[in-house]
1. Pop out the ³J(HN,Hα) list for segment 115-121 in order, Karplus 6.51 cos²θ - 1.76 cosθ + 1.60 with θ = phi - 60°, rounded to Hz; leave Gly and Pro as x.
2. Sort segment 92-210 into rounded, prolate or oblate with this rule: let a ≥ b ≥ c be the square roots of the eigenvalues of the Cα gyration tensor; rounded if a/c is under 1.5, and if a/c is not under 1.5, prolate when a/b is larger than b/c, oblate otherwise.
3. Subtracting the Cα-Cα distance from 0.36 nm times the residue separation, let me have the gained length for E77 to S25 in nm, one decimal.
4. Does segment 30-117 come out rounded, prolate or oblate by the C-alpha gyration tensor, with a ≥ b ≥ c the root eigenvalues, rounded set by a/c under 1.5 and, if not, prolate when a/b is larger than b/c and oblate if not?
5. Starting from the Cα-Cα distance between D110 and E5, subtract it from 0.36 nm times their residue separation and give me the gain in nm to one decimal.
6. Antiparallel versus total DSSP beta bridges in the chain: what percent is that, nearest 5?
7. By the gyration tensor of its Cα atoms, with a ≥ b ≥ c the square roots of the eigenvalues, what is the shape of the chain: rounded for a/c under 1.5, prolate for a/b over b/c, or oblate?
8. GluC sites (Glu not before Pro), restricted to segment 118-219: which are DSSP loop and have at most 16 other Cβ atoms within 10 Å?
Amino acid sequence: MIYGEHIQCDFPDGEGHHLRALAISALTVPDHGCCAVIGPSGSGKSTLFRCLSGLLRPTAGRILIDGTDITALGSGELAKWRAGRVGFIFQQALLLPYLTVMENILLAADIAGLDRSQKRREAEAWLARLGMEGFGRRMPGRLSGGEKQRAGFIRAILTAPQLLLADEPTASLDGDNSRLLMGCLLDYQRESGCTLLCATHDPAVQALFPAQIRLMKGALAS
């Protein structure tokens, strides 16, 4: 269960004032939920995801995930919680260019302290499942945009996260790659039972999610 109350995020505007990027009085997402977070660019989707993942501490308010108040955790506790509980798929895959595809995929599992040999086998199986068998030794510069996103997807799920956040994962993909990635996301959610939130402003992606949260100017819209 995700529960948030009075969540606010303010950012300095460079002129001595603050801009409010997020102002949510109450947010509830049930366990094992599968939900689209929708709204135009600048509506607060990415800011909300950064708060839910612990990458950004809100200016005010509380966020409880499975009973843990992550806004009350210290930096070290928060990093440990995030490594074991959260998978994050970014709009751009953000693969490190000096690491191989496999090294990039294993990065989050290594940080979480998981068995590297086992996770490598799981990663190889996922690469084969996604039409990328043998790609583990390649450098990211040799991948297409769709292949990079698939590698980013595998990196995010390899820790078996209870919360999977996908922030505009298809924004830079063509139709075929978008359908492939979304199929993988939804299949994984059904197989694992994790809670999946997918931020998007793509109507085709929105249509895949019967449950939706709409943001407008940082607030929940009715």
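1. 5, 5, 5, 5, 5, 5, 4
2. oblate
3. This chain segment gains 16.2 nm when fully extended.
4. Values: a/c = 1.89, a/b = 1.31, b/c = 1.45.
It is oblate, given that a/c is not under 1.5 and a/b is not larger than b/c.
5. Contour length minus the Cα-Cα distance gives 34.5 nm.
6. That works out to approximately 50 percent antiparallel.
7. Details: a/c = 1.69, a/b = 1.47, b/c = 1.15.
Note, shape of the chain comes out prolate.
8. In loop regions of segment 118-219 (DSSP not H, G, I, E or B), the sparsely surrounded GluC sites (Glu not before Pro) are E133.
Read-outs throughout are calculated quantities, based only on the coordinates presented, and are distinct from any laboratory measurement. Note that this is a predicted model, so its numbers are computed, not measured. Positions of Cβ are generated from backbone atoms using ideal geometry, with glycine treated the same way; all protein chains shown enter the neighbour counts.
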